[in-house]
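Input: a single structure, listed below in structure tokens.
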Amino acid sequence: MTRRDATAKKTLAKIEALAKAVVRDIQKKQNPRIEIPLRTLSNITYNARKKIIEMGKETQERSFFNVSQARKFMQTFLVASACKELIETGKTTSIRDLYYMTKHTLGNSKVNTFEEQDESDPIIEDLEVTLDALREELHLFANRKGLMVGPMTIVDSGDTIDLRRQGSGGWGVPSIVEPNVIKFGKHEARYVLLVEKEAVWSRFNEDKFWKKEKCMLIHGGGQPPRGVRRLVHRMHYELGLPVYVLVDNDPWGFYIYSVVKQGSINLAYESMRMAVPRARFIGISSRDAERYGIPEETSIRLDEGDHRRIRQMLEYPWFQDKKWRRELETMAKSNRKYEIEALSRRGISFITEEYLPRKLAEKDWLE
Amino acid sequence: MAKARRKAGEQLELLKPGPKARKSSSSQKTTRKTREAVKESAARSSSSRAKKAAVKSSKKSAAPRAAPAATAARKASASPATTRRTSAPASRATAEELAQRQREISVSEFFSKNRHLLGFDSPSKALLTAVKEAVDNSLDACEEARILPEIVVEVRAVEGAPDRWVISVEDNGPGILKTQVPKIFGKLLYGSKFHRLKQSRGQQGIGISAAAMYGQLTTGKPVVVWTRTGKARKAHRMEIRIDTRTNSPVVVSEEEVEFPRDHGTRVEIEMQADYSRGQRHLLRYVEQTVLANPHLALTFCRPNAEPLVFPRASEEPPKEAAEIKPHPYGVEVGTLMLMAKESKARSVAGFLQTEFSRVSAQVADEILRNAKLPKSVRLKDVAEDREVAEKLRQGILATKIMAPPMNCLSPIGDELIRKGLISFLNVVEEEEPEEEEPSGRSSRRAKAKEKTAEDKQAEMEKAAADSMPPEEGEEQIKGKRFFIVSTTRPPKVYRGNPFQVEVGLAYSPDWPQDQPIRLYRFANRVPLLFQRGACAITEAVVRTDWKNYELAQPKGALPVGPMALLVHIASVWVPFTSESKEAIAHYPELLSEIRLALQECGRKLAAYIRKRKAAVHELRRRSTFELYIDEVARSLHEIVGADEEKLRGRLLEMARLATGGDRTDEILDRVASRRRDEFEGAEAEEEYR
Ligand SMILES: Nc1ncnc2c1ncn2[C@@H]1O[C@H](COP(=O)(O)OP(=O)(O)O)[C@@H](O)[C@H]1O
Ligand SMILES: [Mg+2]
């Protein structure tokens, strides 16, 4: 508890310092401004040694007397003041909640402080990097999505939970999974299997794949949220479990894998705590269709967006590995992509009974 | 009403020519030349200025063309006596011969056959034509007498006759000698201005007697004239009728009367007309006449409406235009021959020197040298030998001759154009923008729109705005802002004819933004109300790229924007496209001068609009900042406990300074405050771009 108080105090001090600097600017009749580390590709470096994406030192200025920045400037301090209130009252809330807390109409105009949550989420991320404070330190969490089952017992906020007994529903992964919230207990797991979508996760759970294989089965509903990524990271480093990622055979699936592995551009400042550079891409590979007899008619043609994404990814320094380039180029050339569900053509449990066991046995993965 | 109109139509029908005499449009053209010829001959027989008459008329229709004109005249006239000369070679027809033949035309017949050319083609246009003739005369007379004109125009209903109206025009001019009144009002084509090379209004008309005759033919009533030539003199009231067979006046009655002015004239003509249809033209004529004559004070009394009072915008009478001799460069072969024939000079050199401007003895010699004519060449040869005349003309063109004197021009002048525009905008009734025909829909909609949007804004801003010092070139008129600029080009010469172009431009950010501009065209201060599309002025406006000057402009059309544009061409001889004298011909020299003048004004306009746009932009920025200031102040207060009100005040002040400060408010004529509702207006304004 004391550790928590100390963190809170530190975070509060950071928020106040940010506001004080701005008040000083105003008193000196200077354009009030703050410096925000850039969360863009241009300010990202790939650390080849650590094999993770890192944020650079570039910052962007956000000043009030600049028409294109005034609104964001206002929003930044609106969010900062809301976070201050959360910290002071010792409450934690979702970023969706924060959006509603801070949304209201401005004066007698028809303009709102925020029009959509899409507008407030990036402001929170700006604040995180500006204050060098983690989201949970601001007493915020993302909407939870993501489920986990497996041969492990954990303690979640003091409650002991046996992940072997979660029925068909599974345990919902919270946004904050730091050691003070989630503690790992006894387990027999040999590895972590992260699948892209809930439907696939359900198949694996119903077939009790995790029991047979002794693995932690987790999904993140598309691009996995921070909680899921952080949990995977912790299991990898604290429990020494290898991580396998099963995603659709399309550019977006590959990108999910890449985020799990090296981190994302947007949250590059969190890579250290989230990226698992040794995560393995188990499927679906572009060559699998042939090898596993997946009929061509289950494929989907790539659209212009897919091709663009492929070209983009080929540019990223962390996509320069030959095997990777071959995957992407093969896909682009064949002009075909496959969803994981395409394997069901070979039988509903083909994926859990044949495909994955064989891939693992043959060590047919990319790393 | 419809019945009245029909009845009017029927009555007019009586005046129309029989099918035999009704000619194709091409013959209509020539008939007009006939009219000039008639005018000329009439003048010749009654005026000592015969020589000048010849010069003047042949200037317009050169001698070679006089023959077909004569033919047309003969056809038009019912007299078989004239058919004899049909085969006469063109160049042999002299003014005298023409005069002899044409005297036999019955004036009333001539008139009825040419009604459409004389401006009495429809009962709705008749009122305008008659008023125009009388007002133009009043203005010309006052100008010559150096009197500041004061004119009262009145249109009165005639009891019991819905299709009859009385037009009455009263002036404070020099008056007319009693002995002259009959001829002026009772004899067709009798006047003092036709035979001169001088910038005047009269030449554009047909003469007041034609209006009187129209009245007489449609109502049987004589024209009534009151006139007084001085304080010590008696005023006279005379009723004059025209004997249409002989084209001579008949004095119906004559009496000494009281007249409210020391000197002046009042003319009243009762006529069949359609006021409800014609009032629009009439109003436009009156308004635009005032616009081009800032020294004129005019009152317009209309049936069932408050009188419109146009006060004088300037106490300064226009500069008097001098009469000049023609410049040699403008003369055509036929004219040259005719002039030679008329001249009393004894040698060709003498002829050149006395009949033309800017020809000295040396220049005359040089012309003869360049013409490769022996010094001994006789004037008679020039008059009779087309080849000699042509050589002489070539000689003229090969000789460098000084430009004609420019004192024959009387432009309105920069300052007065501005004043004219201001008082025009102060009085002008906001009707639809100028249009050929009342193609109701778009214009009527515009009017409705104008009302609501403007009234609201005007009310809101007026109180505050009136106390603000206007921008340079900006005027407050009826609660609206106007940016007014004008340009007077230096005089230029076209084919020996001096002319001068003037442009005045009034732009109002408070006018509707999406209408084509209002274009007002003038020649020698007379408004051109019809045939806009055929006019060189319109063409010059359309061909100017107004996008350079911050106005929208559909391809090949007038620019769109809240602007009134005045274009005036002053010249001793305005080249009209046709007999109706409603559009100016497309001469390159004219077009280029008009465009230069438009560009000059356009550049100033652009600077003004850009400044406003920049200020509107600043205001938008300010409002953006203001929108967020409360929130920022509150958040900062909540985080560090700083004084929220102080922060707010500081930020508001900073926002103002960061967006041009008070200057922004001034340019937009806005009270320096943070009223967002006002900003809405500015925003709506920027929308148009
Ligand atoms: N209101 C008037 N005051 C003084 N003189 C007038 C007036 N109206 C007409 N006149 C004289 O009568 C002449 C004939 O007028 P009009 O028939 O209209 O021909 P124009 O105007 O072409 O000369 C004028 O030239 C002018 O001398
Ligand atoms: Mg006249």
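Couplings 3J(HN,Hα) for segment B:279-291, derived from phi with the Karplus relation 6.51 cos²θ - 1.76 cosθ + 1.60 (θ = phi - 60°), are 5, 5, 4, 4, 4, 4, 4, 4, 4, 6, 5, 4, 4 Hz, where x marks Gly and Pro. Taking the 1.4 Å solvent-accessible surface of segment A:147-361 as the whole, the part contributed by carbon and sulfur is 49%.
Summarising the amide proton neighbourhood of A:R164: residues at separation of 5 or more, or on other chains, whose placed amide H is nearer than 5 Å comprise A:G150, A:M152.
Per DSSP H run of n ≥ 4, the term is -39500 (n - 2.57); total these for chain A, divide by its residue number, and report the mean residue ellipticity at 222 nm rounded to 500 deg cm²/dmol.
Working: 13 runs with 148 residues, N = 367.
So the calculated ellipticity at 222 nm is -12500 deg cm²/dmol.
Using only Cα atoms, locate the centre of segment A:286-329 and the centre of segment B:551-573, then give the distance between them in Å, rounded to an integer. Here the answer is 64 Å between Cα centres.
Calculate, in nm to one decimal, what A:R326 and A:D303 gain on full extension: separation in residues at 0.36 nm each, minus their alpha carbon distance.
Details: separation 23, 0.36 × 23 = 8.28 nm, distance 1.92 nm.
Full extension from A:R326 to A:D303 adds 6.4 nm.
Dipole check for segment A:63-222: with +1 at the C-beta of Lys and Arg, -1 at the C-beta of Asp and Glu, and the Cα centre as origin, the magnitude is about 620 Debye.
Can you tell me the dipole magnitude for chain A around its Cα centre, using point charges on the Cβ only (Lys, Arg +1; Asp, Glu -1), in Debye to the nearest 20?
Working: 63 positive and 53 negative charges, 177 e Å.
That gives a dipole near 860 debye.
Model label points for B:R543 and B:E644, set 7 angstrom from Cα along the Cα-to-Cβ axis, are 6.7 nm apart.
Shielding of peptide A:63-75 by partners, expressed as the average count of other chain Cβ atoms within 10 Å per residue Cβ, is 5. For segment B:108-310, the relative contact order comes to 28 percent (Cα pairs under 8 Å, sequence separation of at least 6). Across peptide B:621-631, the mean count of Cβ atoms from other chains lying within 10 Å of each residue's own Cβ comes to 6.
Distance check, please: which entries in A:K9/A:K261; A:K208/A:K333; A:K72/A:K322; B:K178/B:K341; A:K197/A:K322 exceed 30 angstrom between their Cα atoms?
A:K9/A:K261; A:K208/A:K333; A:K72/A:K322; B:K178/B:K341
Distance from the C-alpha centroid of segment A:335-367 to that of segment B:362-426: 101 Å, rounded to the whole angstrom. According to the Cα-based calculation, Rg over Rh for segment B:288-345 is 1.35, with Rh computed by the Kirkwood formula.
Three principal axis extents describe the C-alpha atoms of segment B:108-310; from largest down they are 40, 39, 39 Å. The residue list A:V260, A:T11, A:C215 was ranked by how far each Cα lies along the charge dipole of chain A toward its positive end, using unit charges on Cβ atoms, and A:T11 comes out on top. Between the alpha-carbon centres of segment B:477-533 and segment A:70-140 there is a gap of 59 Å. Derived scalar couplings between HN and Hα for segment A:64-80 equal 6, 8, 8, 3, 7, 10, 3, 5, 5, 4, 4, 5, 4, 6, 5, 5, 4 Hz in order, rounded to whole Hz, by the Karplus curve 6.51 cos²θ - 1.76 cosθ + 1.60 (θ = phi - 60°), x for Gly and Pro.
Over the whole of A:40-53, what's the average partner chain Cβ count within 10 Å per residue? Rounded to a whole number, please. Let's see the in-between values first.
Working: counts 0, 0, 0, 0, 0, 0, 0, 0, 0, 0, 0, 0, 0, 0.
Per-residue shielding by partner chains comes out at 0.
Round to the nearest 0.05 the FRET efficiency obtained for A:R287 and A:K57 when R0 = 41 Å and r is the Cβ-Cβ distance. In this case the efficiency is close to 0.50.
Against the main long axis of the alpha-carbon atoms of chain A, helix A:304-315 sits at an angle near 80°.
Net charge dipole, segment A:147-361: roughly 620 debye, given to the nearest 20, about the Cα centre with Cβ charges of +1 for Lys and Arg and -1 for Asp and Glu. The modelled label-to-label distance for the pair A:S42/B:E144, using points 7 Å beyond Cα in the direction of Cβ, is 7.9 nm.
Along segment A:362-367 the Karplus relation, 6.51 cos²θ - 1.76 cosθ + 1.60 evaluated at θ = phi - 60°, assigns HN-Hα couplings of 7, 6, 8, 9, 10, 10 Hz to successive residues, with x for each Gly and Pro.
So what are segment A:147-361's ellipsoid semi-axes, whole angstrom, largest first, if each one is the square root of 5 times an eigenvalue of the alpha-carbon gyration tensor?
Working: eigenvalues 168, 91, 35 Å².
With the √(5λ) rule applied to segment A:147-361, the semi-axes are 29, 21, 13 Å.
Residues whose amide H falls under 5 Å from that of B:I242, counting only those 5 or more places apart or on a different chain, are B:V250, with hydrogens built in the peptide plane. The share of C-alpha pairs in segment B:328-397 whose separation exceeds 16 Å stands at 34 percent.
The values are calculated or read from the model by the stated rules, or taken from the named source; none is laboratory data. Small disclaimer: the values here were computed from a predicted structure and weren't measured. Reconstructed Cβ throughout: ideal geometry from the backbone, glycine too, with neighbour counts over all protein chains shown. Note: areas computed on protein heavy atoms with side chains; ligands, DNA, RNA excluded. Shrake-Rupley method; radii C 1.70, N 1.55, O 1.52, S 1.80 Å.
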